[in-house]
Amino acid sequence: MKKLLSLIASLIFFFSCGSQEKTIIPATKITEAETNVKPKLIVGIVVDQMRYDYLTRFENKFGEGGFKRMMQEGFNCKNNHFNYVPTYTGPGHASVYTGTTPKYHGVISNNWYDKEIKETVYCAQDDSVASVGTESDAGKMSPQRMLTTSFADENRLFTQMRGKSIGIAIKDRGAILPAGHTANAAYWFHGKDEGVWITSTFYREDLPQWVKDFNASDAAEVYFKDWDTYLPIETYVESGDDLNNFERGFDGKETATFPYNLAELKSKNNDFDILKATAYGNSLTVDFAMAAIKGESLGQDNDTDVLAVSFSSTDYVGHNFGVNSKEGQDTYIRLDRDLDRLFKYLDENVGEGKYTVFLTADHGAVDVPAYLQSVKIPAGYLDYNDRKNRFTNFLETTYGTKNVVENVSNNQIFFNKEKLKELGLNIHDVEQALVDEQISYPNIAKVYTATAMNSTNFTTGIEALLQNGYNQKRSGDVIVVDDIAHIAYSKTGSTHGSGLNYDTHVPLLFFGAGIKKGETYNKTVIPDIAPTISALLGISFPNGATGQPLGFVLD
Ligand code: ZN
Ligand code: ZN
Ligand code: ZN
């Protein structure tokens, strides 16, 4: 009887799947592995500074097993955006994994002015813990400043801590914030003259043997070789000339042109740190991720594990060479091959169809403004010191002192509340006076008060993005928005931080266990990712999540 019931059930299942989904998945493609089994491993991939258009611009140079495999076998959300300002690395990684924005997770920037202690703090800094794997301070890090849980935390709670969480990135914050508060460990790369993967006592007292083995091998040294283009450079017609005025390059080399002899350049560029700013930093990250899969036995039992991998080198390359560089193009072509290598390793060690991958970015980047100017597109550079001097003069003439302001950072002005009280000034009046004053300054597009952020519910436009990035406890009193494609940066290389499409529009790809094949132009936002993974796993949403699960990507 039991057998008969299950036969009927599977027939119903077969017919209902067949009728609803034959337009999406050919019937022959539905294998046992692709039906609703819980993934053994979630691999979250964040590519630092990856714009959406890199997927399409470099597509015909990609192989079959990397980005294209994700696009062809999985689900491609083509209109995926950050929904807050500022678009920086710390907030980006926190938002992907917590399913919310700085308003709730509290990571308002990479560094910010802490109003309570009146000091600038770093998002992953934790002076109460010690470094593990280095004598330096580079390991004094933890996710303590992130106020909410990540989906990796919820998976730990759900599995009674049996499901593991491991975070990996060249950058500490790219490993620490995704892995969350309950992580088994986060590992990041300490360059300089050490070239080792490290962690902090927040996670553990000693490096595990597999990390010690990895550090003792020549895994990092092997990349001190020539960095030349992966494919013949003349085929890279999707990027600008290798020799141009918009790149910084490396110390010790006259021009920012291929090939780069890294063995020769390393001594003039902080030794192992040079690897971070080349395509090889991503290769080293994959090498280490594969060692982690093996060393931690990820995806080997019935409790889902989480591996959070962030590729930081794309960001260093973007800052150095810009969005339109040959170096940038080569970095993505090589990352594509590194993804192929990682996916094949997962196929072999976890099993095809038994793991789920998502890939996104922590922000995009603007084209080098000097390049945009050269092709007549409005763009430019900002001098924040100049701006500060100007409103300091205004404060002195209006209030008799500049001390009503105690900090200016991340396009926000922080008032000295004690000084305001002492002078008998109403904070709302001073906020408004600074708005009225600054809106006439060149290259300031908009200025808002904290009062507006706290009292109005914005639903669209830059105002809504600012509000999602605004944390009442941590953010400033006046918020400034710069003109489009204007940055306070050197005239070489790209940067990011705004709420405009070049910074907000990033890839979102899902593939593997429980994921449909398809694509959409419907708008999705970064905080949707974590609830989607939670829904896939049937676990609680991260405790501050504001995004919605993307039901259409799930099988
Ligand atoms: Zn970043
Ligand atoms: Zn170049
Ligand atoms: Zn960056």
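The values are calculated or read from the model by the stated rules, or taken from the named source; none is laboratory data. Since the model is a prediction, treat every value here as computed from it, not as a measurement. Please note: Cβ atoms are built from the backbone with ideal geometry, for glycine as well, and neighbour counts cover all protein chains shown. Note: accessible area is taken over every heavy atom of the protein model, side chains too, but ligands, DNA and RNA are not part of it. Shrake-Rupley method; radii C 1.70, N 1.55, O 1.52, S 1.80 Å.
Numbers below:
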{"quantity": "Cα-based Lys pair tally, the stretch 347-473, threshold under 24 Å, eight or more apart or on separate chains", "calculated": "17"}
{"quantity": "Antiparallel bridge percentage (DSSP; both residues within the chain; nearest 5)", "calculated": "50 percent"}
{"quantity": "Sites matching trypsin sites (Lys or Arg not before Pro) across the stretch 81-138 that sit in DSSP coil, with at most 12 neighbouring C-beta atoms within 10 Å", "calculated": "118"}
{"quantity": "The stretch 315-363: trypsin sites (Lys or Arg not before Pro) falling in loop per DSSP and having at most 12 other Cβ within 10 Å", "calculated": "none"}
{"quantity": "The stretch 257-358 - percent relative contact order, Cα under 8 Å, separation 6 or more", "calculated": "31 percent"}
{"quantity": "The chain, relative contact order [Cα under 8 Å, separation at least 6], %", "calculated": "29 percent"}
{"quantity": "Accessible area expressed per residue, the stretch 69-189, with surrounding protein chains retained (probe 1.4 Å, Å²)", "calculated": "29 Å²"}
{"quantity": "Anisotropy class of the stretch 506-550 from Cα gyration tensor, a/c 1.5 cut", "calculated": "oblate"}
{"quantity": "The stretch 39-95 versus the stretch 416-458: alpha-carbon centroid distance in Å", "calculated": "37 Å"}
{"quantity": "Cα point-scatterer Debye curve for the chain, base-10 log of I(q)/I(0) at q = 0.12 Å⁻¹", "calculated": "-1.19"}
{"quantity": "DSSP-assigned coil residues among trypsin sites (Lys or Arg not before Pro) in the stretch 175-241, each with at most 16 further Cβ atoms within 10 Å", "calculated": "192, 204, 225"}
{"quantity": "Residue-wise HN-Hα coupling along the stretch 251-257, computed from phi with Karplus coefficients 6.51, -1.76, 1.60 (Hz; x: Gly, Pro)", "calculated": "5, x, 10, 4, 10, 8, 9"}
{"quantity": "Computed [θ] at 222 nm, deg cm²/dmol, the chain (DSSP H ≥ 4; -39,500 (n - 2.57); rounded to nearest 500)", "calculated": "-10000 deg cm²/dmol"}
{"quantity": "Global geometry of the stretch 236-297, whether rounded, prolate or oblate, following the gyration tensor of its Cα atoms and the 1.5 cut on a/c", "calculated": "oblate"}
{"quantity": "For the stretch 411-555: rounded, prolate or oblate by the Cα gyration tensor [a/c cutoff 1.5]", "calculated": "prolate"}
{"quantity": "Percent RCO, i.e. relative contact order, over the stretch 272-419, from Cα pairs under 8 Å lying at least 6 residues apart", "calculated": "18 percent"}
{"quantity": "Average accessible area per residue (Å²) across the stretch 388-538 - probe 1.4 Å, nucleic acids and ligands excluded", "calculated": "43 Å²"}
{"quantity": "Exposed-loop-free span, longest in the chain, where GluC sites (Glu not before Pro) count as exposed if DSSP calls them loop and at most 11 other C-beta atoms lie within 10 Å", "calculated": "255-555"}
{"quantity": "Highest-first arrangement of 156-162, 410-416, where packing means the average Cβ count within 10 Å", "calculated": "410-416, 156-162"}
